[in-house]
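Q: So that we are looking at the same thing, I have put the structure below in structure tokens.
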Amino acid sequence: MDHLDGNALAGPLADYFTFDVTAATARCNGCGEVAEFARALVFTSPAGTVVRCATCEHVLATLVEAGERAWLGFSGVSAIEVRRA
């Protein structure tokens with residue numbers, strides 16, 4: 001089977017990264033809880049932001065911003081559900 005490179009994702013993913021992420025639901029890798037990001041526990045510091053599961057406090061996501069660059073990690077999330085309009 002032939003494949004494309006990651007640039008083929010630009011169009012399809014653009015539809016999903018224009019939503020209010022707090023309304024999206026995520027499944028925690030720690031306990032399996034599925035909940036809206038708005039329910040998560042968010043800890044901020046000068047080093048970055050850590051998002052934790054409200055049920056088990058497992059790290060769901062991290063955000064580090066430096067100038068015009070940002071690093072987003074969703075290592076603690078096994079799936080994110082987005083409602084399509």
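The values are calculated or read from the model by the stated rules, or taken from the named source; none is laboratory data. Nothing here was measured: the structure is a model prediction, and the numbers come from that model. Glycine gets a Cβ as well: all are built from the backbone with ideal geometry, and neighbour counts include every protein chain shown.
Q: Among the residues of segment 74-85, how many are among the charged types (D, E, K, R) and in a loop (DSSP other than H, G, I, E, B)?
A: Matching residues across segment 74-85 total 2.
Q: Further question on the same structure: Inside segment 1-49, counting only strands (runs of 3 or more DSSP E) that do not spill past its ends, which hold 1 or more residues that are β-branched (Val, Ile, Thr), free of Cβ contacts under 8 Å to residues at least 12 places away in the same chain and within 16 Å of Ala61 (Cα to Cα)?
A: Where strands (runs of 3 or more DSSP E) fall fully within segment 1-49 and carry at least 1 residues being β-branched (Val, Ile, Thr), free of Cβ contacts under 8 Å to residues at least 12 places away in the same chain and within 16 Å of Ala61 (Cα to Cα), they are 41-45.
Q: Still on this structure, please answer the following. Give just the number: which of (1) modelled with pLDDT of 95 or more; (2) surrounded by fewer than 16 Cβ atoms within 10 Å (Cβ to Cβ) does Arg27 not satisfy?
A: (2)
Q: Among the residues of segment 55-73, write down those that are modelled with pLDDT of 95 or more and part of a loop (DSSP other than H, G, I, E, B).
A: Thr55, Cys56, Glu57, His58, listed by residue number.
Q: Here is a list of conditions, (1) without any contact (Cβ under 8 Å) to a residue 40 or more places away in the chain; (2) in contact with a Leu (Cβ under 8 Å, 6 or more places away or on another chain); (3) surrounded by 11 or more Cβ atoms within 10 Å (Cβ to Cβ), and Gly76 meets all of them except one; can you say which number that is?
A: All conditions are met except number (1).
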